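Structure first, then comments.
The values are calculated or read from the model by the stated rules, or taken from the named source; none is laboratory data. Quick caveat: nothing in here was measured; it's all calculated off a predicted structure. Here the Cβ positions follow ideal geometry from the backbone for every residue, glycine too, while neighbour counts run over all protein chains shown.
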Amino acid sequence: MPVTRERQLVETFVQVADTLVDDFDVIDFLHQLAARCVHLLDVDAAGIMLIDQRGNLHAAAASTENARLLELFELQSDAGPCIDCCRTGTPVVNADLTANAARWPRFAEAAQASGFAAVHALPLRLRETVIGALNLFAADNRTLTDDDIRVGQALTDVATIGILAQRSIHQAELLAAQLQNALNSRVTIEQAKGVLAERRRISVDQAFTLLRSYARDHNLRLSDVARDVANGSTTATELLHGTGTQIA
Amino acid sequence: MAMILVLLDRTTSAPDGSGAGFSMAACAAASTVLGVDGLCAVVGTGAGGTVLAFGTQTVSAALEDLQFTLGEGPSLEAVATGIPVLVADVAVTARRWPAFTGPALELGVNAVFAFPLRIGAIDLGTLTAYRATAGPLDPGQVADALALADAVTLTVLHRQSREGTGPGADPDGQPGPGWAAQAAYRAEVHQATGMVSVQLGVGLAEALARLRAFAFGRDLLLADVAADVVARRLRFDEEDQ
């Protein structure tokens, strides 16, 4: 359905442009982008991983914020398509998990146990520096075409632009600081998920959904809501005590 | 840089637990690697005032005092925004910090680099470096400074929990700052930090320290303890009573 896809692509880039000219939340932005990748590239899950200043990979956002998927990202700190992609700066595409079982043993086993058959990783690049990777998971072995890969690479470039365009960064060239800020936002969200899960007696996955829909409904930045929740700030009382919010 | 972090780790793992703080050797070595003339960490960002955690030179301390007095400057901006504030040339910052620029130049400070000390929503203060000559940090130095800020954050957290506070803070059972461990911090560790903070009714910093102490005291991996908390196989309010 090429027409539909073209339209989806246009919509995606219009939405991205709208976001980038506005005051936006980087993790929420990456989360949306990952969700768009799933539709546009016809895969089953997508995530964006970033490299910290020590060269370690961390999950920044995923199409579906569920613990099992995040675990699959984390498992790649030693061996996996994202690490390979980041080291070489080149895409890892159409990697069948059975065929690559020896290359990434722990990752391949866990990904297959989660129902995935193939993975792809595309680099997030800024000129010659690789800052992370877009990770795609497919439940079957349909291959990504060259067109898919081009679209995927355009979306990863957009992710890079989003990270560079975070607010309050005076030194636009200061990539390491921007990456660290994005990663720290992610840590805050994880802390907030924990606080909310414990308070509301829900799972951490549900806690993320709740945080995000609350931010949406109140036109707030996801990271700001997460920070208030994590610190038990009074502005988060409604969310922490469940008055007036529904668990999605 | 790795060696400096080890020095830092060793210093504060020393059993005396004195407020003497960070070793001068570690500070001096870090200053050399970062190509700066002074370095200091200020802990405590609220109205409770600031505590000088360490400093290589008196200028560093004067610079912090100046900002605290004036209520403006790169370190305070780093605290407010949570983002590193890197000033390669103080002489051109008069519009940004009208009161700060002149006195800073008089101190002989021509470049300032301020890094927030934080883990997610845990805000501890700033690490600020200064140089007598103007000019940016190179990308490698920025990466090193970020790594140093992480290490200092964990060290301070560790020291606070040891000096501190809650029941269950066993002085002999505390782990070292374990700077290397942060690289291995997983999403579950941060989620568990949030959960434990609710269970114990303490802040995130204390909750993280308690998680680490629990893991260390039982010779478990922090990641495994965190996984048990998130899976609700382990609760801290029951465990410690």
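Here are the numbers for the structure shown:
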{"read-out": "The stretch B:188-207, residues that are over 18 Å from A:A207 (Cβ atoms) and either touching a helix residue (DSSP H, G or I) at 6+ places or on another chain (Cβ under 8 Å) or part of a helix (DSSP H, G or I) (or both)", "value": "B:L200, B:V202, B:G203, B:A205, B:E206"}
{"read-out": "Number of positions in the stretch A:61-82 that are in a helix (DSSP H, G or I) and away from chain B (no Cβ under 14 Å)", "value": "2"}
{"read-out": "Any strands (runs of 3 or more DSSP E) falling wholly within the stretch B:1-88 and containing at least 2 residues that are modelled with pLDDT of 70 or more, buried (at least 19 other Cβ atoms within 10 Å of the Cβ) and more than 15 Å from the chain's Cα centre (by Cα)", "value": "B:85-87"}
{"read-out": "Qualifying residue in the stretch B:90-105 (condition: within 29 Å of A:S185 (Cα to Cα), assigned to a strand (DSSP E or B) and within 12 Å of another protein chain (Cβ to nearest Cβ))", "value": "no"}
{"read-out": "Flag for A:A67 being under 28 Å from A:N141 (Cα atoms), assigned by TED's automatic domain parsing to the domain that holds A:V158 and at pLDDT below 90", "value": "yes"}
{"read-out": "The listed residue being under 24 Å from A:R36 (Cβ atoms), of a type in the set (G, A, S) and not in a strand (DSSP E or B), out of A:A111, A:A95, A:A99, A:A133", "value": "A:A111"}
{"read-out": "Test: residue in the stretch A:234-245 that is closer than 18 Å to A:A59 by Cβ and touching a helix residue (DSSP H, G or I) at 6+ places or on another chain (Cβ under 6 Å)", "value": "no"}
{"read-out": "All positions within the stretch A:24-60 that are among the β-branched types (V, I, T), part of a strand (DSSP E or B) and within 10 Å of the chain's Cα centre (by Cα)", "value": "A:I48"}
{"read-out": "The stretch B:191-212 - residue that is crowded, with 20+ Cβ neighbours inside 10 Å and of a type in the set (G, A, S) and, of those, farthest from the other protein chains (Cβ to nearest Cβ)", "value": "B:A209"}
{"read-out": "Selected residue (criterion: nearest to B:D228 (Cα to Cα)) from residues of the stretch A:180-222 that are in a loop (DSSP other than H, G, I, E, B) and within 13 Å of chain B (Cβ to nearest Cβ)", "value": "A:S203"}
